[in-house]
Structures are given as structure tokens and as C-alpha cells.
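Engineer: The structure's right below; bear with me while I get my questions together.
The values are calculated or read from the model by the stated rules, or taken from the named source; none is laboratory data. Predicted, not measured: the structure shown is a model, and the values here were computed from it. All Cβ positions, even for glycine, are placed from backbone atoms using ideal geometry, and neighbour counts span all protein chains on display. Accessible surface areas use protein heavy atoms only, side chains included; no ligands, DNA or RNA. Shrake-Rupley method; radii C 1.70, N 1.55, O 1.52, S 1.80 Å.
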Amino acid sequence: MKNSDALVLGIETSCDETAVGIVSGRKLLANVISSSVVEHARFGGVVPEIASRAHLEAMQSVIAQALSDAKVSIKDIDAFAVTAGPGLIGALLVGTSSAAGLALALDKPLYGVNHLSAHIAVDSLNSDHKLDPAIALLVSGGHSSILQINDLTSDVKTLGSTIDDAAGEAFDKIARILELGFPGGPAIDLDAKSGNPNAIDFPRGLTLARDLIEHKYDFSFSGLKTAVARYLAKTPDHLRADVSASFQEAVVDVLLIKAIGAAKETGIDTLIIAGGVAANSRLRSLAQERATKADIQLRIPPMNLCTDNGAMVAALGSLAVTQGLAPSKLGFEANSSSGITTPIF
Ligand code: KG4
Ligand code: ZN
């Protein structure tokens, strides 16, 4: 086996998706996802205990389906990778225990990987472009940051992050106020399609000159949330689609002002947008428009690889194998709040 074509199986269980991906080097062979989202919907958010139990129930069949899709046997797998954090601790433990069991039984290396780094690593699949250096806009349900990726597995610098809600969290909260259901991102994305993005001039957090001194690449979405709630309270005859579209425009605008700004200022002319919110259709189109204007190369993973999946975990495991990095020790501990500076555990 050449390290660069190793078969790597990745397991993701940090939230409500039980997901398994299989790659050969940078080629994606299988990507299977079982989501417990409908079981959480009536609670308006993910219930950790329900998520953990759903992972236990789904794990075996999701692994079996991924192996069948990839047309390989479990014995062919050269290395295992698993999300070790950040995420819900009980949910993470189902994944790390399953992966450790497989690695131990089959005597194969195991890489505990960082979920945030994995969201970016998925950009390596099915192509042979150079991954770094790049600026990454990482926007998910739990995190929003701008990163300078000098080397994804060893040198990532955080240029800025949210000082309150994550971008995805803002979508989820506003969707709840608009009674659009959970998860909110896809629902607002759809609703916004029939609305006017310029109907309401919602605030762009931390973009005033005085904010930029301390928070140049940081985000804040709490003021926007308050502004939407206030607008709804004083405008009983509002058009919901206009609110969705104008809210979405405010989020997307500010994400891109800062991400493109970071690429220009650092002179790094590649921008990767990753994480669940990267599935947003308006973010994808406006990013392309602005990147082209600024002469920046834009990379956004296909939509199904933006939200949580196993392929991203396998992709990061595969990068670690290719680079000859040491596997994790079998007793490594999942960490619910681990930061991007620990890409491999
Ligand atoms: O990366 P992800 O699947 O899970 C975390 O690691 O958090 O991201 C989930 C987040 C949710 O907040 C969801 O509402 C948001 O991504 N999201 C979207 C879209 N699809 C998912 N936000 C905006 N537009 C979308 N199309
Ligand atoms: Zn995620």
C-alpha cells in the first residue's frame, strides 16, 4: 500500500448524525449518514441523550452500508479515523469507542480527529489541488471563525471568531422565532428564495470602524437577532419571506466582508468556506461573486459534504496517513470543547 492511496474509514458522531465515510487517499468511495434530526425536532434542538442512543442504534448498519457502497471489506481498511471533539460528549464517546474497538480488533491505526479541521479537510476530496495555505471561513451550528491555514494538520491560526452566537445558531434561533422549524438554516434558505433581501436593512455586527480596532475578524450575531425580534414585534403585517431573505443577507454579507478582507490582507488568495452554513445557497452565490471580483480562488465543498458527514473525518485521517503522522494512542480521550489547534488527538 502507498500511504497516498490508503483506505481510511471515518466515523462522525459529534451531534445528531451517525455518519461513516470511506476514502482511498483523496478519492471518496462511500458517504453514509443516518440522522436523528426528526427525533429532536419537537424539542427545538438536539437532545444529547437521544442523540447518543440513536448513534448506538445506527452505528453497525451505517458502517455495513458504507463498506458495501465502497465495495470493500472491513479487513481491507488500512486506518480508522473518528471525530474526537468538539461535540456532545456522550455522542462523541459512541464514535470513539466504536472506532477504538474496530482498530484494536483489526490491529490497524486509529486517528482521533478534530471535527472543525475535518470540515475543512473535506475540501481535499476528489481533487489534487494543494490544500494550504488558505483562509478558511468555518461556519457551523457551534462555531464561526476565520482561520489562516498554513498547514491543516500542524499550523492553523485563528484570525477571528464569533463573540456570541455561531452563524448556524443564529439561523436556528431566527427560524424558531419565524416558526420555520428545526434545523433553521435550510428552512430559512428556502423561505428566503421568495423574499426580498433588501426589504429590511438589518444590522451587520462588528463592521463599524470603532469595532474593527478590536474585532476586525470577529463576528457578532446577537444584535441582529434582537433587531429581527424587534422588527417582528412592531410590524405585525410583515412578509415572512422578506424577513428571512433580509436576515440571511445580513449574515452572509458580514461573513463575506470579513472572510474576503482576511484573504486580501494576508495576501493568501485562496478562500475555503466550510461547515453546515456553507450549504447556504445565498452564501455560495454571493461568495463566488465577491471572490471573482477580488481575484480570490474560492473553494466550497459540495452541499452534502458541508453539513456533518463521515467523509470529512476520513479525509482528515487520510491526510494524516499521507503525511506519515503518528496515530492517536488507543486511550485518547474525546474532548467536547477541543479547539482547532488540536487537529489530531
Ligand atoms: O456543520 P454542521 O452540520 O454541524 C455542526 O458542526 O454544528 O452545521 C449545522 C448548522 C445548523 O445550524 C444548520 O441550521 C446550518 O448548519 N445549516 C444552514 C444550512 N444548512 C445547514 N444554514 C444556512 N443555510 C443552509 N442551507
Ligand atoms: Zn459540524
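Engineer: Those residues that are in a loop (DSSP other than H, G, I, E, B), over 20 Å from the mean Cα position of the chain (by Cα) and aliphatic (A, V, I, L, M), I need them from region 77-88; list them, please.
Structural biologist: Once the filter is applied, which keeps residues that are in a loop (DSSP other than H, G, I, E, B), over 20 Å from the mean Cα position of the chain (by Cα) and aliphatic (A, V, I, L, M), region 77-88 yields only Ile77.
Engineer: Looking at Asp191, Asp211, which is the one that is more than 16 Å from ligand 2 (Cβ to nearest atom), assigned to a helix (DSSP H, G or I) and over 28 Å from Asp16 (Cβ atoms)? Break it down stepwise before answering.
Structural biologist: Working: Asp191 fails: over 28 Å from Asp16 (Cβ atoms).
After ruling out the rest, the residue left standing is Asp211.
Engineer: Also, I was wondering about something else. Please specify each residue of region 142-155 satisfying the condition of being buried (at least 22 other Cβ atoms within 10 Å of the Cβ), within 16 Å of ligand 2 (Cβ to nearest atom) and over 21 Å from Gly21 (Cα atoms).
Structural biologist: His143, Ser144, Ser145, Leu147
Engineer: Name the one entry in Ala259, Ala233, Ala263, Ala320 that is open to solvent by 10 Å² or more (accessible area, probe 1.4 Å) and at pLDDT 95 or above.
Structural biologist: Ala233
Engineer: Mind listing whichever residues of region 64-76 are in a helix (DSSP H, G or I), farther than 15 Å from Leu28 by Cα and either in contact with a Ser or Thr (Cβ under 7 Å, 6 or more places away or on another chain) or not acidic (Asp, Glu) (or both)?
Structural biologist: Taking region 64-76 first, the residues in a helix (DSSP H, G or I) are 64-70, 74-76.
Those left that are additionally farther than 15 Å from Leu28 by Cα: 64, 74-76.
Of everything in region 64-76, those that are in a helix (DSSP H, G or I), farther than 15 Å from Leu28 by Cα and either in contact with a Ser or Thr (Cβ under 7 Å, 6 or more places away or on another chain) or not acidic (Asp, Glu) (or both) turn out to be Ala64, Ile74, Lys75.
Engineer: Then there's this: Return the residue satisfying two criteria in turn: it lies in region 113-136 and is aliphatic (A, V, I, L, M) and away from ligand 2 (no atom under 14 Å from the Cβ), and of such residues it is modelled with the lowest pLDDT.
Structural biologist: At the first step, the residues of region 113-136 found to be aliphatic (A, V, I, L, M) are 113, 116, 118, 120-122, 125, 131, 134-136.
Subset that is away from ligand 2 (no atom under 14 Å from the Cβ): 125, 131, 134-135.
Details: Leu125: 98, Leu131: 93, Ala134: 98, Ile135: 98.
So, considering only residues that are aliphatic (A, V, I, L, M) and away from ligand 2 (no atom under 14 Å from the Cβ), the one modelled with the lowest pLDDT is Leu131.
Engineer: What number of residues in region 306-332 are touching a Ser or Thr at 6+ places or on another chain (Cβ under 9 Å), away from ligand 2 (no atom under 16 Å from the Cβ) and assigned to a loop (DSSP other than H, G, I, E, B)?
Structural biologist: 3
Engineer: Would you mind telling me which numbered condition in (1) of a type in the set (A, V, I, L, M); (2) part of a strand (DSSP E or B); (3) in the same structural domain as Cys15 (by TED's automatic domain parsing) Leu138 fails?
Structural biologist: (3)
Engineer: With respect to Gly101, determine if the residue is open to solvent by 10 Å² or more (accessible area, probe 1.4 Å), in contact (Cβ under 8 Å) with a residue 24 or more places away in the chain and not hydrophobic (A, V, I, L, M, F, W, C).
Structural biologist: Judged against the criteria, Gly101 is not a match.
Engineer: Under 7 Å between Cβ atoms, at least 6 apart or on separate chains: pull out the pairs that start in region 300-314 with a residue that is at pLDDT 95 or above and end on any residue that is within 12 Å of ligand 2 (Cβ to nearest atom) and of a type in the set (S, T, N, Q).
Structural biologist: Between residues of region 300-314 that are at pLDDT 95 or above and residues that are within 12 Å of ligand 2 (Cβ to nearest atom) and of a type in the set (S, T, N, Q), the close pairs are Asp308/Ser14; Val313/Thr83.
Engineer: Going residue by residue through region 173-190, is there one that turns out to be open to solvent by 40 Å² or more (accessible area, probe 1.4 Å), among the acidic types (Asp, Glu), on the phi < 0 side of the Ramachandran plot and over 24 Å from the mean Cα position of the chain (by Cα)?
Structural biologist: Checked region 173-190: no residue is open to solvent by 40 Å² or more (accessible area, probe 1.4 Å), among the acidic types (Asp, Glu), on the phi < 0 side of the Ramachandran plot and over 24 Å from the mean Cα position of the chain (by Cα).
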